[in-house]
1. Of all residues in the range 229-258, how many are outside any loop (DSSP other than H, G, I, E, B) and buried (at least 18 other Cβ atoms within 10 Å of the Cβ)?
2. Could you please find all residues in the range 95-116 being without any contact (Cβ under 8 Å) to a residue 60 or more places away in the chain and surrounded by 16 or more Cβ atoms within 10 Å (Cβ to Cβ)?
3. For residues that are more than 17 Å from LEU129 (Cβ to Cβ) and among the acidic types (Asp, Glu), scanning just the range 153-200, find the one that is surrounded by the most Cβ atoms within 10 Å (Cβ to Cβ).
4. Looking at SER126, SER72, which one is surrounded by 15 or more Cβ atoms within 10 Å (Cβ to Cβ), within 12 Å of the ligand (Cβ to nearest atom), in the same structural domain as LEU299 (by TED's automatic domain parsing) and closer than 16 Å to LEU155 by Cα?
5. Kindly provide the set of residues from the range 204-242 that are aliphatic (A, V, I, L, M), out of contact with any Phe, Trp or Tyr (no Cβ under 6 Å at 6 or more places or on another chain) and farther than 19 Å from TRP264 by Cβ, ordered by number.
6. Might you check whether a residue that is in a loop (DSSP other than H, G, I, E, B) and crowded, with 22+ Cβ neighbours inside 10 Å occurs anywhere in the range 308-322?
7. Tell me yes or no: at least one residue of the range 262-272 is in contact (Cβ under 8 Å) with a residue 24 or more places away in the chain, over 19 Å from LEU198 (Cα atoms) and of a type in the set (Val, Ile, Thr).
8. Could you pull out the residue among GLU163, GLU137, GLU141, GLU201 that is farther than 24 Å from GLN87 by Cα, away from the ligand (no atom under 16 Å from the Cβ) and touching a Leu at 6+ places or on another chain (Cβ under 8 Å)?
Amino acid sequence: MIRPASFNPISILKKSISFTLISAFVIIASCSGDDTGNMGDATGDNPKDSTLTIPRDTIPVLEPKDVLFYDSFESGDMSATNTDGFQWSGNNKTSVVTNEAAVWNNGEINNPKPDDGRDWTSKDGSYGLRFRYPAGEAWAEQRFDMGAPQKELWLRYWIRVPENYTHGMMSEGGVNNKFISIWMDGYEGFGDGSSFWLSMESAGNGNTDLAFTYSLGSETGSIAYRQHKPFINAENDKGKWMQMVIHLKAQSAVGVNDGVVETWRKWESETEFTKFHEQFDVPFKLPDNGPNGFQKGYLLGWANGAYAEDTEWLIDAFTLSTATLIE
Ligand SMILES: [Ca+2]
């Protein structure tokens, strides 16, 4: 649970006000004309104040201006947006699911969950986003456009290790199985601005390391992956939810090299985040002709080492912010 750093009365009053405002903001952002925004009820975590409808452990207390976007998929579709015009792109082997059925894939569907023991239980509320990699197929991906660029960006989301997880190794030695990518004007060699990636790399015995890389912009490719850290133990971590936090900051001017990459992870059984990656001299380049910051991205993505079995990831409670999501 994220707790405020201090508890003085003024702070509590201020945070209470902000929390209510954020709740209202999030409901507006995540609903699509229905009344399913009450995620507190959905989780059985009923706050005393009926206006507080966000489970307290899924979004921190922040000023409303800091939270750019939040989607727990409780609308049952991909309609969530914000004042910047955030948009989820089309579903590419992704679908909104409950633990009973897939309900959205580029339109409303009602495909009952196969009766084979699989678990689509969301982390927050009743709905989550499922990524399905059929055996031997490399691509499941959810793209998004934030609608406006951000020089500094924080991302946080829950993601569940597949129940039958073992590192995908079907080609290229199991390196460069994409976890997330964020870019500015164009992806990698198509961008004058920099791109960023987290990637899952084989650590042997079915286990996975997490590493990052970036491009220097000016239509160049990525540099070598760096800071490989143990990420998933295939024997012990199957089916576990983890919460990821990613902090990116573009360099302040060309040649200053003061861009930032930081990442953290917290398993659902843990109370504290563990830092994975840290670099404070990243030459993240802003595009000469805009947009002036990070604007687009995808979740998961191309697995160069495809999985030997059908493999399903789940993502939930996706948050974008301009201020820290680690407290
Ligand atoms: Ca949810």
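The values are calculated or read from the model by the stated rules, or taken from the named source; none is laboratory data. Fair warning: this is a prediction, and the values are worked out from it, not measured in the lab. All Cβ positions, even for glycine, are placed from backbone atoms using ideal geometry, and neighbour counts span all protein chains on display.
1. 11
2. Answer for the range 95-116, where residues must be without any contact (Cβ under 8 Å) to a residue 60 or more places away in the chain and surrounded by 16 or more Cβ atoms within 10 Å (Cβ to Cβ): SER95, VAL96, THR98, ALA102, VAL103, TRP104, ASN105, LYS113.
3. For the range 153-200, the residue satisfying everything is ASP185.
4. SER72
5. Listed by number, the residues that qualify are LEU216, ILE223, ALA224.
6. No, every residue in the range 308-322 fails to be in a loop (DSSP other than H, G, I, E, B) and crowded, with 22+ Cβ neighbours inside 10 Å.
7. Checking the range 262-272: at least one residue is in contact (Cβ under 8 Å) with a residue 24 or more places away in the chain, over 19 Å from LEU198 (Cα atoms) and of a type in the set (Val, Ile, Thr).
8. GLU201
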